[in-house]
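The values are calculated or read from the model by the stated rules, or taken from the named source; none is laboratory data. All of these numbers come straight from a predicted model, not from anything done at the bench. Neighbour counts are summed over all protein chains in view; Cβ atoms, including those assigned to glycine, are modelled from backbone coordinates with ideal geometry.
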Amino acid sequence: MTPAKIDALKTELTKEIDKNQKFSQEMVDMIFSFGELGFQEVETSKYLTDILKKNGFTIEYGISGVPTAWTAKWGSGKPVIAVGSDIDCIPKASQKPGVAYHDPIVAGAPGHGEGHNSGQPLNVTAVLALKKVMEREKIPGTIMLWPGVAEEQLATKAYYVRDGYFKDVDACIFTHVGNNLGTSYGDGGMVGMISVRYDFEGQASHAGGAPWRGKSALDAVELMNIGWNYHREHMEPTQRSHYVITDGGDQPNVVPSKASVWYYFRERSYPKIMQMFEDGKRIAEAAAKMTKTTMKYEVLGSAWPGHMNQPIAEAMYENIKMVGLPKWSEEDQKLAKALQKEMQSPTEPGKGFDGLSTSLSQLRKPATTPSAGGGGSDDIADISWNIPTIVLNYPSNIPGLPGHHWANAIAMATPIAHKGVTAGAKAEALTLLDMFVKPEILKNAWTYFNDVQTKDTKYTPLISKTDKPAIHLNKKIMEEFRPEMKKYYYDPSKYATYLEQLGIKYPTVREDKAGTTTGGGN
Ligand SMILES: [Zn+2]
């Protein structure tokens, strides 16, 4: 295909995606309103697969034994390019969109405080536009859409890889919400992780009447945590480890016969993560010994530290420059600045709260310091060590927020999210077109993968052959909140936007009156 022809097709794709803004907005708002936690993304997965099926995709449901996971394929032959994004949300992050202070839709309920409601709408918009062009121009190749289920638990992607779903795939583009349009390559300095729940079992007794007959599983949990926290002093500064007690007993007058603690162990390399896993096991066993209890553990999730592909990232960045950032309205900036003020978002000294990004980020190069990527992990890394992969970030959220928080949900069903998705869909569709019609991109991607990325580091899964996805997670929480949340599912047949359905004036911000603040925050 000639460069002039490719340019013409790119112009066509851009126009088509602009034309489909209403469709993108409906998908973003709909998934926002579902607000489903990891492994419980029932409505979200049904909604997305129904759209894809209607558009000629072949769906395989329940991949890797995960009821809410799937692949959707269209096209034929090589190359096969996978396009993915996460779909789960955050506990206790329910929040009205467009309101710049804490105001939940359903108090205590989960919500999209990580913005995972936007990535699949971006992907669907991009691939449907591209499909039209590929059909007409008879461009060979296969597109495979897939969801990151339970990404917050880092709990599915290593299983997809282990179970062969990426075996015949040539490359992967993943999308993740951010506050700028950008991508990166190499080792970004992120940590990998293994997530383990330790279950202790002792013996119940009357805590007042016969405490000497009890063996406290809660004592074991507390001693394990004390042991780990002393051990922390002797660990390298690149590690991150944190825990929650998921079961601490029922009531004080019953010696807890059962108690559980759930750990995330994070480090910069596979051997270091495995060392933390071993240390955790040893300390848990010691705690069981001290308390005459027994201990079992279950691996609930894992992720490698990521490494993204240079040739694909460079191809993507060329398209990002063509697309550019969305044009923010005064209302968009007003919401962003008010929220940054509300959260006292960290900002550079003297810069103030400067709102949404207005200059495009640079192509991010590999990390030069040991923990440049901060302390987060993403199991897209497991895909990235098996096929050339990149992550496209798109500007659907507000800079400077804490992450995994209700504040991160505020922009996610507003024009900010909608415009960010449209910009991201363009960058993705243009890059996919390049990958299908310029064979040298995939050839160079594999050369980088084989000769640079995996030259000295070989992928060994953190999960075993027998570990199973922890599909029981979050079941109870969703059962508790879903009936109330259902009342607020988005109805696009009645309302143009979700903001309209909720009766929210955009933006709603606290008004300063004579130095005091008013408004309904809590
Ligand atoms: Zn995420």
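Could you tell me whether any residue of the range 405-421 is touching a residue at least 60 places away in the same chain (Cβ under 8 Å), within 30 Å of F166 (Cα to Cα) and surrounded by fewer than 22 Cβ atoms within 10 Å (Cβ to Cβ)?
Scanning the range 405-421, I find no residue that is touching a residue at least 60 places away in the same chain (Cβ under 8 Å), within 30 Å of F166 (Cα to Cα) and surrounded by fewer than 22 Cβ atoms within 10 Å (Cβ to Cβ), so the answer is no.
Of the residues that sit in the range 157-172 and are over 23 Å from S464 (Cβ atoms) and not aliphatic (A, V, I, L, M), which one is farthest from the ligand (Cβ to nearest atom)?
Out of the qualifying residues, it is D168.
Determine, yes or no, whether P349 is out of contact with any strand residue (DSSP E or B) (no Cβ under 7 Å at 6 or more places or on another chain) and outside any loop (DSSP other than H, G, I, E, B).
Details: out of contact with any strand residue (DSSP E or B) (no Cβ under 7 Å at 6 or more places or on another chain): yes; outside any loop (DSSP other than H, G, I, E, B): no.
No; evaluated as a whole, the condition is false for this residue.
Of G119, G98, which residue is within 28 Å of V299 (Cβ to Cβ), at pLDDT 95 or above and of a type in the set (G, A, S)?
Details: G98 fails: within 28 Å of V299 (Cβ to Cβ).
None of the others qualify; the one that does is G119.
Any residue that is in contact with a Gly (Cβ under 7 Å, 6 or more places away or on another chain) and over 29 Å from M308 (Cβ atoms) - is there at least one of those in the range 258-265?
yes
Could we say that A109 is more than 16 Å from the ligand (Cβ to nearest atom), part of a loop (DSSP other than H, G, I, E, B), touching a residue at least 12 places away in the same chain (Cβ under 8 Å) and touching a Ser or Thr at 6+ places or on another chain (Cβ under 7 Å) here?
Details: more than 16 Å from the ligand (Cβ to nearest atom): yes; part of a loop (DSSP other than H, G, I, E, B): yes; touching a residue at least 12 places away in the same chain (Cβ under 8 Å): yes; touching a Ser or Thr at 6+ places or on another chain (Cβ under 7 Å): yes.
Here the answer is yes, as A109 does meet what is asked.
May I ask you to list the residues in the range 129-156 that are touching a helix residue (DSSP H, G or I) at 6+ places or on another chain (Cβ under 9 Å), within 28 Å of V437 (Cα to Cα) and either aliphatic (A, V, I, L, M) or within 16 Å of the ligand (Cβ to nearest atom) (or both)?
Result: A129, L130, V133, M134, I139, I143, L145, W146, P147, G148.
Only residues that are assigned to a loop (DSSP other than H, G, I, E, B) and within 26 Å of the chain's Cα centre (by Cα): list them for the range 257-312, please. Lay out the reasoning, then the answer.
Initial filter on the range 257-312 (assigned to a loop (DSSP other than H, G, I, E, B)): 257, 268-269, 292-293, 304-307, 309.
The answer is R268, S269, W304, P305, G306, H307, N309.
Show me the strands (runs of 3 or more DSSP E) entirely contained within the range 1-91 in which 2 or more residues are under 24 Å from the mean Cα position of the chain (by Cα) and crowded, with 23+ Cβ neighbours inside 10 Å. Spell out how you get there, then give the answer.
Details: elements: 58-61, 70-76, 80-86.
Per the criteria, 80-86.
Which condition number does A514 fail, the rest of (1) among the aliphatic types (A, V, I, L, M); (2) within 22 Å of G108 (Cβ to Cβ); (3) at pLDDT below 95 being met?
Every condition holds for A514 apart from (2).
Kindly indicate which of D378, D332 is surrounded by 17 or more Cβ atoms within 10 Å (Cβ to Cβ), within 16 Å of the ligand (Cβ to nearest atom) and either closer than 30 Å to I504 by Cβ or acidic (D, E) (or both). Walk me through it before giving the result.
Working: D332 fails: within 16 Å of the ligand (Cβ to nearest atom).
So the residue among D378, D332 that is surrounded by 17 or more Cβ atoms within 10 Å (Cβ to Cβ), within 16 Å of the ligand (Cβ to nearest atom) and either closer than 30 Å to I504 by Cβ or acidic (D, E) (or both) is D378.
Out of G65, G35, report the one residue that is closer than 29 Å to V161 by Cα, touching a strand residue (DSSP E or B) at 6+ places or on another chain (Cβ under 8 Å) and small (G, A, S).
Details: G65 fails: touching a strand residue (DSSP E or B) at 6+ places or on another chain (Cβ under 8 Å).
On inspection, the qualifying residue turns out to be G35.
Being away from the ligand (no atom under 16 Å from the Cβ) and surrounded by 22 or more Cβ atoms within 10 Å (Cβ to Cβ) is the filter; apply it to the range 173-195 and report the residue that is farthest from the chain's Cα centre (by Cα). Spell out how you get there, then give the answer.
At the first step, the residues of the range 173-195 found to be away from the ligand (no atom under 16 Å from the Cβ) are 181, 185-187, 189, 194.
In the following step, the residues that additionally are surrounded by 22 or more Cβ atoms within 10 Å (Cβ to Cβ) were identified as 181, 185, 194.
Details: L181: 17, Y185: 18, I194: 16 Å.
By that ranking, first place goes to Y185.
Output the number of the condition that A126 fails; it satisfies all remaining conditions of (1) within 16 Å of the ligand (Cβ to nearest atom); (2) buried (at least 24 other Cβ atoms within 10 Å of the Cβ); (3) small (G, A, S); (4) more than 13 Å from the chain's Cα centre (by Cα).
(1)
Is it fair to say K73 is closer than 25 Å to A336 by Cβ and more than 16 Å from the ligand (Cβ to nearest atom)? Can you show your working first?
Details: closer than 25 Å to A336 by Cβ: no; more than 16 Å from the ligand (Cβ to nearest atom): yes.
Against the criterion (closer than 25 Å to A336 by Cβ and more than 16 Å from the ligand (Cβ to nearest atom)), K73 does not qualify.
If a residue counts only when it is within 23 Å of K19 (Cβ to Cβ), which helices (runs of 4 or more DSSP H) contained entirely in the range 410-522 have at least 1 such residues? Let's see the steps before the verdict.
Details: elements: 415-437, 439-448, 475-486, 498-502.
Hits in the range 410-522: 415-437, 498-502.
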